[in-house]
1. Is region 125-137 home to any residue that is in contact (Cβ under 8 Å) with a residue 60 or more places away in the chain and assigned to a loop (DSSP other than H, G, I, E, B)?
2. With region 188-276 as the region, which helices (runs of 4 or more DSSP H) entirely inside it contain at least 1 residues that are touching a strand residue (DSSP E or B) at 6+ places or on another chain (Cβ under 9 Å) and closer than 18 Å to VAL115 by Cα?
3. I'd like the residue in region 178-228 that is of a type in the set (Val, Ile, Thr) and over 24 Å from TYR71 (Cβ atoms) and, out of all such residues, is nearest to the chain's Cα centre (by Cα).
4. Among the residues of region 2-24, count how many are farther than 16 Å from THR92 by Cα and touching a Pro at 6+ places or on another chain (Cβ under 6 Å).
5. What is the number of the single condition among (1) at pLDDT below 95; (2) of a type outside the set (A, V, I, L, M, F, W, C); (3) more than 30 Å from HIS37 (Cβ to Cβ) that GLU232 does not meet?
6. Return the pairs, sorted by first residue and then second, in which the second residue is surrounded by 21 or more Cβ atoms within 10 Å (Cβ to Cβ), the first residue lies in region 79-90 and is free of Cβ contacts under 8 Å to residues at least 60 places away in the same chain, the beta carbons are less than 7 Å apart, and the residues are 6+ apart or on different chains.
7. In the same structural domain as ASN278 (by TED's automatic domain parsing), over 18 Å from ALA245 (Cα atoms) and of a type in the set (Phe, Trp, Tyr) - does that describe any residue in region 188-198?
8. Checking LEU231 against (1) touching a residue at least 60 places away in the same chain (Cβ under 8 Å); (2) buried (at least 18 other Cβ atoms within 10 Å of the Cβ); (3) within 25 Å of GLU195 (Cα to Cα), which test does it fail?
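The values are calculated or read from the model by the stated rules, or taken from the named source; none is laboratory data. Computed from a prediction, not measured in an experiment: that's the story for all the values here. We place every Cβ from the backbone using ideal geometry, glycine too, and count neighbours over all the protein chains shown.
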Amino acid sequence: MDVESSPKKVHAAIREARRRGLTIGCVPTMGALHAGHVSLVQRARSENDFVVATIFVNPTQFGPTEDFSRYPRTLDTDLEFCRGAGADLVFTPQVADMYAAHAETIVRVTGLSMVLEGAHRPGHFDGVTTVVTKLFQITEPDRAYFGQKDYQQQLIIRRMVQDLNIPVTIVTCPIIREADGLAMSSRNRYLSPEERGIAAEIFQALQLADRLAVGSAVSPREIAERMRAHLEGTGGLSVQYAVVADSQTLASQETRIGGGSGVALIAAKLGTTRLIDNQILNYSVAE
């Protein structure tokens, strides 16, 4: 496995792989890798001839009061994860490699970026779409792999590549969870032992939503209300949103159609740690 920080050298390596007729899979990450990231690299390995993972803590997607300076940086361990999962190349640029001092260009997906996470983290998705566009320019992948846990992010990136005619297939991979259901996240390490136990209630609220979607005629609006009530009944969680939305537009769902679907999305703070999670809902009972 090669490790390279120079965008020019990574681009040259990708071009050489293409010259050899190899397909390219890319897994963009911010490091602090866990089993969820490993599953993305493994999926890329199974579907492509050449796999590049990127590790870059992107400053432009952090707000002024967010955790950029303390975001975990565990490069040595991350590289071992990538090696074990089958990556051929790991791209580890520095901030100066990705953002020139005079840079004035951003990539923005309007609409989808303004709601939910976008409303609570203004400018966040501008940072995500800008850096992902740059990573795609450097690595020129056939396929790129993202986790469902960041549901809105993968939806926005899909819209971005469609709107900009970027020739890459976006592959969304299942959420990898701890034994108690907590979605794996680099930020879970911030939780105290007590908070860690409370955090599992987020998954319990999503499971409640799933049961209501499948086994009752409860409306999406009421499902969302029931999720919020469950979370607010759990001491320690500060709920930012608990909604049921259209899985493509993220518009709030009020009613259901038998055989249709939606997505339940939650964001909550636990102490100083912000957690997000989601669950695809498949409705089986029409109102």
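1. no
2. Details: elements: 193-199, 201-215, 220-232.
Those helices (runs of 4 or more DSSP H) span 220-232.
3. Start the filter on region 178-228 by keeping residues that are of a type in the set (Val, Ile, Thr), which leaves 198, 202, 214, 218, 223.
The next check asks that each one be over 24 Å from TYR71 (Cβ atoms); those that pass are 214, 218, 223.
Numbers: VAL214: 26, VAL218: 29, ILE223: 24 Å.
Residue satisfying both the conditions and the ranking: ILE223.
4. Restricting attention to region 2-24, the residues satisfying the condition of being farther than 16 Å from THR92 by Cα are 15-24.
Going one step further and asking which of them are touching a Pro at 6+ places or on another chain (Cβ under 6 Å), we end up with 24.
Total satisfying the criteria: 1.
5. So the condition that GLU232 fails would be (1).
6. Once the first residue is free of Cβ contacts under 8 Å to residues at least 60 places away in the same chain and sits in region 79-90, its partners that are surrounded by 21 or more Cβ atoms within 10 Å (Cβ to Cβ) give PHE81/LEU33; PHE81/HIS37; ALA85/VAL41; GLY86/VAL41; GLY86/VAL51.
7. yes
8. Among (1) touching a residue at least 60 places away in the same chain (Cβ under 8 Å); (2) buried (at least 18 other Cβ atoms within 10 Å of the Cβ); (3) within 25 Å of GLU195 (Cα to Cα), the lone unmet condition for LEU231 is (1).
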